[in-house]
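Structure first, commentary second.
The values are calculated or read from the model by the stated rules, or taken from the named source; none is laboratory data. Remember, it's a predicted structure, so these values are computed and weren't measured experimentally. Cβ sites come from the backbone with ideal geometry, for glycine too, and all protein chains shown count toward neighbours. Note: areas computed on protein heavy atoms with side chains; ligands, DNA, RNA excluded. Shrake-Rupley method; radii C 1.70, N 1.55, O 1.52, S 1.80 Å.
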There are 2 protein chains.
Amino acid sequence: MRIYFTFEPRPDLREPLLAQFPQVDFIFENGLSNEELEKADVLVTYGEDLTADTIQYATKLKWIFVASAGIEKMPAQAIMERGILVSNVRGIHKTPMAESMLAHILAIKRAVPWIYEQQKTREWSKKARQTELRDSTALILGPGAIGSEVGRLLQAFGVTTVGCNRSGKEAPYMDKMVSFTQLTEALPNADIVISVLPKTQETTHLLKEEHFAAMKSSTIFMNFGRGNLVDEKVLIQAIQAEEIGYAVLDVFEEEPLSSDHPLWTLPNVVVSPHISSHSSRYVERSLEIFKPSLTKWLKGETDLENVVDLSRGY
Amino acid sequence: MRIYFTFEPRPDLREPLLAQFPQVDFIFENGLSNEELEKADVLVTYGEDLTADTIQYATKLKWIFVASAGIEKMPAQAIMERGILVSNVRGIHKTPMAESMLAHILAIKRAVPWIYEQQKTREWSKKARQTELRDSTALILGPGAIGSEVGRLLQAFGVTTVGCNRSGKEAPYMDKMVSFTQLTEALPNADIVISVLPKTQETTHLLKEEHFAAMKSSTIFMNFGRGNLVDEKVLIQAIQAEEIGYAVLDVFEEEPLSSDHPLWTLPNVVVSPHISSHSSRYVERSLEIFKPSLTKWLKGETDLENVVDLSRGY
């Protein structure tokens, strides 16, 4: 059994793995080579290095463990044709992402950007415009692992959470649920609109002019899912027309965002360079999901955690 | 019955008060005049306008309602000598203050100051140094109404809370309690040290060189209580020696902080100009405490909410 990592875990994380699975040949490389891919039974990757071409070399490959939640850069068709099982670390991002989202929301509510700028002037002033998060309403597009974790934290702050998904079916830590088709009616009550939706055909340009027009002019709009959610021209127009109060964006239609993109400099826009899921504990947590899956795999079991349906895209 | 407000609530808050208590003569002024004080049965004040001299005019005064939690600017001796009952809005600050504290903690953990600065350069970079709040330990000096609210929120983020007060007696939302005398032993385990202690003789310079030396070099130290807690020379020395990671300060030995004070410009220091308790809902909440107390008072009852013992100072 040969397991090929296309990234290199820190020694303190690698050693327990080697010790726990002495029967396995682990290969750790920083990047993907077709040579190693050819020999690998299992591939562990962040999911951004495989292409439809390189996958042709993976003649022995039976399982791909993606140490990421987004799988849209994977050559889905080629992988499905070869009958390779794919599992990922869905849910691993929930702690750092939910903490980042709360950081941005609370910073805006409690005038933290103003405090930072005011400090630079060394002038004591109490003219901060502060509001409270308590008693707000948040609409959460995509109340899955990450969305529910944000919901849980928001509820602790006394926020009413409204989840929104395709079906309108119940989700954890949501006081109420609506379906995509009920979005326009739900938006006027939301003080915060958060998307953590994955990239699928259905979510592409899900938010349109009419949705931003329906939001409160004080709304904090946050896209922490994927950049396909909204045509950036529509978003920029909504910001410029002051149809919303703030936009906090961790994802964009095209990443990296080019240096002349208008979003960098629009007022009340925060550009987070797709780092909300980053955490010093990322690889540690990935391996915590990988190890029990590998134990099962070695016994011939295939009912692993977080098996991905590539045809659905998540 | 004549009730004298030395501040002016907004019309939408004032009118329901007048309607609920038609038998009372309300006087609303922006500031304190000895003339009005002389005629008042009840005084409603932010607690910063009374002096030992002016209180001599208050010959009819039986009750002072302080729409603030800090009462250290009140002429305690003169008020006690006259047997005037004092009650305040203890606890009213807990929501905005706890939200502000979480805003600052999460901003530091999730690299929000870096994100803001990076955005100004319009350069896409993922080199943020982010950590997680989850699984941290917070030491909370003064786990009263505000400290417990911070504790409650921190626990929702998976933080272990250690309360610290004079007696070490149990407090809500604290996983563990220690007394002031056990402080030095508790500090090396704390990732976050928060003080919300009031100003008393006992809390003056409670934190000394040895306490900062005992903290982790990554500790986020937050003073949201009163500036008397630590000699600022000691604090500055601890920051410069990198004995602590960050200092977030809402209170200072002398306020306003003079423009040439070194705290404005030290790295990893956030100066919040004593605004963490501010909220657009402040007066609304004060009146929510005042109204039931006034109802009792009019019936001749004196067991009001938040009666203050001026001899203790809180």
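If I filter segment A:97-117 down to residues being touching a Ser or Thr at 6+ places or on another chain (Cβ under 7 Å) and at the interface with another protein chain (Cβ under 7 Å from one of its Cβ atoms), which single residue comes out as most open to solvent (accessible area, probe 1.4 Å)?
By that ranking, first place goes to A:Lys109.
Residue under question is B:Glu81, and the condition is that it be surrounded by fewer than 15 Cβ atoms within 10 Å (Cβ to Cβ) and at pLDDT below 95; does it hold?
Numbers: surrounded by fewer than 15 Cβ atoms within 10 Å (Cβ to Cβ): yes; at pLDDT below 95: yes.
Yes, satisfied.
For segment A:172-191, what are the residues that are within 14 Å of chain B (Cβ to nearest Cβ) and under 20 Å from A:Arg90 (Cβ atoms)?
Taking segment A:172-191 first, the residues within 14 Å of chain B (Cβ to nearest Cβ) are A:173, A:191.
Matches in segment A:172-191: A:Tyr173 only.
So that you can scan it fast, the table gives a plain yes or no per residue for (1) touching a Lys or Arg at 6+ places or on another chain (Cβ under 9 Å); (2) within 30 Å of B:Ser258 (Cβ to Cβ):
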site: A:Glu81; (1), (2): no, no
site: A:Met97; (1), (2): no, no
site: A:Lys120; (1), (2): no, yes
site: A:Glu123; (1), (2): no, yes
site: A:Gln130; (1), (2): yes, yes
site: A:Arg134; (1), (2): yes, no
site: A:Thr137; (1), (2): no, no
site: A:Glu170; (1), (2): no, no
site: A:Ala186; (1), (2): yes, no
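Which pairs do you get when a residue that is under 18 Å from A:Ser179 (Cβ atoms), found in segment A:202-226, comes within reach of a residue that is polar (S, T, N, Q) and open to solvent by less than 10 Å² (accessible area, probe 1.4 Å), reach meaning Cβ atoms under 9 angstrom, with the pair 6+ apart or on two chains?
Qualifying pairs under 9 Å: A:Thr203/A:Ser195; A:Leu206/A:Ser195; A:Leu207/A:Ser195; A:Leu207/A:Asn223; A:Gly225/A:Ser195; A:Gly225/A:Thr203.
Can you find a residue in segment B:82-89 that is within 20 Å of A:Glu132 (Cβ to Cβ), within 26 Å of the chain's Cα centre (by Cα), more than 7 Å from chain A (Cβ to nearest Cβ) and not in a helix (DSSP H, G or I)?
In the first step, residues of segment B:82-89 are kept if they are within 20 Å of A:Glu132 (Cβ to Cβ); the result is B:89.
Still in the list and also within 26 Å of the chain's Cα centre (by Cα): B:89.
Now restrict to residues that are more than 7 Å from chain A (Cβ to nearest Cβ): B:89.
Remaining after also requiring not in a helix (DSSP H, G or I): B:89.
Within segment B:82-89, one or more residues are within 20 Å of A:Glu132 (Cβ to Cβ), within 26 Å of the chain's Cα centre (by Cα), more than 7 Å from chain A (Cβ to nearest Cβ) and not in a helix (DSSP H, G or I).
With the structure loaded, tell me whether A:Ser33 is polar (S, T, N, Q) and open to solvent by less than 20 Å² (accessible area, probe 1.4 Å) or whether it fails that test.
It is false that A:Ser33 is polar (S, T, N, Q) and open to solvent by less than 20 Å² (accessible area, probe 1.4 Å).
Count, please, the residues in segment A:1-17 that happen to be among the hydrophobic types (A, V, I, L, M, F, W, C) and either loosely packed, with under 11 Cβ neighbours inside 10 Å or more than 16 Å from A:Leu294 (Cα to Cα) (or both).
Of segment A:1-17, the ones among the hydrophobic types (A, V, I, L, M, F, W, C) are A:1, A:3, A:5, A:7, A:13, A:17.
Applying the additional criterion that residues be either loosely packed, with under 11 Cβ neighbours inside 10 Å or more than 16 Å from A:Leu294 (Cα to Cα) (or both) yields A:7.
Total satisfying the criteria: 1.
With the requirement that a residue be more than 12 Å from chain A (Cβ to nearest Cβ), under 20 Å from B:Ser100 (Cα atoms) and in a loop (DSSP other than H, G, I, E, B), what does segment B:124-171 give you?
B:Gly142, B:Pro143, B:Gly144
What residue, among those in segment B:142-195 that are open to solvent by 20 Å² or more (accessible area, probe 1.4 Å) and among the hydroxyl-bearing types (Ser, Thr, Tyr), is nearest to B:Leu235 (Cα to Cα)?
Going through the qualifying residues, I end up with B:Thr184.
Quick one: would you say A:Val248 is out of contact with any Lys or Arg (no Cβ under 7 Å at 6 or more places or on another chain) and among the β-branched types (Val, Ile, Thr)? Show your work before the answer.
Details: out of contact with any Lys or Arg (no Cβ under 7 Å at 6 or more places or on another chain): yes; among the β-branched types (Val, Ile, Thr): yes.
Yes.
Which ones in segment B:242-285 are among the small types (Gly, Ala, Ser) and either touching a residue at least 24 places away in the same chain (Cβ under 8 Å) or in contact with a strand residue (DSSP E or B) (Cβ under 8 Å, 6 or more places away or on another chain) (or both)? So that I can check it myself, show each step before the final result.
Pass one, segment B:242-285, residues among the small types (Gly, Ala, Ser): B:245, B:247, B:258-259, B:272, B:276-277, B:279-280.
Matches in segment B:242-285: B:Gly245, B:Ala247, B:Ser272, B:Ser276, B:Ser277, B:Ser279.
How many residues, within segment A:259-273, are facing chain B (nearest Cβ under 7 Å) and on the phi > 0 side of the Ramachandran plot?
Looking only at that region, the number is 0.
Can you work out which of the residues in segment A:38-78 that are within 12 Å of A:Leu310 (Cα to Cα) and open to solvent by 90 Å² or more (accessible area, probe 1.4 Å) is modelled with the lowest pLDDT?
A:Lys73
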